[in-house]
Amino acid sequence: MKTKFYLLSFIIVLIVSSMNMSVYAQNSYKKDQSVQKIEPILSNPEINENSDNENSDEESDEDLFDDFDDIVQTENIPDPLYYFNYAMYRFNDVLYFAALKPLATGYKAITPNFVRTGSFNFFHNLLFPVRFVNNILQGKIQEAGTEVGIFLINSTIGIAGFVQVAQDEFNLYTSNEDLGQTLGSYSIGNGFYLVLPIFGPSTLRDTVGNIGDYFLTPINYVEPDYLKYGIKTFDVINSTSFRPGDYEALKKAALNPYIALKNAYIQNRQGKIKK
């Protein structure tokens, strides 16, 4: 029985982690939202859910590239592991279409908007330690204090974070900092580009940052493992259900999807660090 549980946990990890590629893709060609009200789409969950109409591909393509010129020129990141990275990109791509997309599409079809929105808010609230610690490490004391206020308000009045009272009623803003950004703010370079099997686009610096953030993420302390991975799976599927089709739109608009995804990731990270 225990062997079956660990096998199930491993399968769930594959599904969960592959979604990181979609998350990066859907945010990369948009202006950074880290200092704005968290996820404005949640006030109207149907915004940007473009898969429901025939013109969705054209609209999504336009949205993805509207702000392209506003982002700083992509830093030239070396890719010495190109053949490995490309193989992992293809692996993750297959995993996305075989598992993630069907799951997110089906979940969206049967789940009310208020449930998806509340779930997204809950998991965002749960990542308070990551944002708080990295704001402190970057010397952003005011932002760190704001994070404390948002967490306390949403955890109490907002019913464990399911309702974003701090954002909606008190006009408080969140800053989505992570250790990769913190290292970048210390002028530590990206190193080389890296596509991780299952986890998607990264750099050497961000991979190190992700390891550090792992220990600040409360969900990673949930036991047993299959329950932890199940929670993570639900979180990522729920988040992706708000913007279906964005990854496909990026691929459709790009002459070389591998390069487009790389540039999108690097530009997104550059923009966050400069904030």
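A short reminder: the numbers here are calculations on the coordinates, not readings from a lab. Model, not experiment: these values are computed from the prediction. Note that each Cβ is placed from the backbone with ideal geometry, even for glycine, and that neighbours are counted across all protein chains shown.
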Q: Taking 7 Å along the Cα-to-C-beta vector as the label spot, tell me the Tyr221-Asp168 distance in nanometres, rounded to one decimal.
A: 2.9
Q.
If amide hydrogens are placed 1.01 Å from N in the peptide plane, which non-local residues have theirs closer than 5 Å to the one on Thr203?
A. Leu194
Q: Mind giving me the FRET efficiency for Thr156 and Thr207? R0 is 22 Å, r the Cβ-Cβ distance, nearest 0.05 is fine.
A: 0.05
Q: Work out the FRET efficiency for Phe114 and Ile136 from their Cβ-Cβ distance, taking R0 = 25 Å, and round it to the nearest 0.05.
A: 0.15
**Q.** For segment 123-275, fraction of C-alpha pairs farther apart than 20 Å, in %
**A.** 59
Q | Table column - 3J(HN,Hα) (Hz), segment 113-130, Karplus curve with 6.51, -1.76, 1.60, x for Gly and Pro | A | 4, 5, 6, 5, 5, x, 5, 4, 4, 4, 5, 5, 4, 5, 8, 3, x, 5
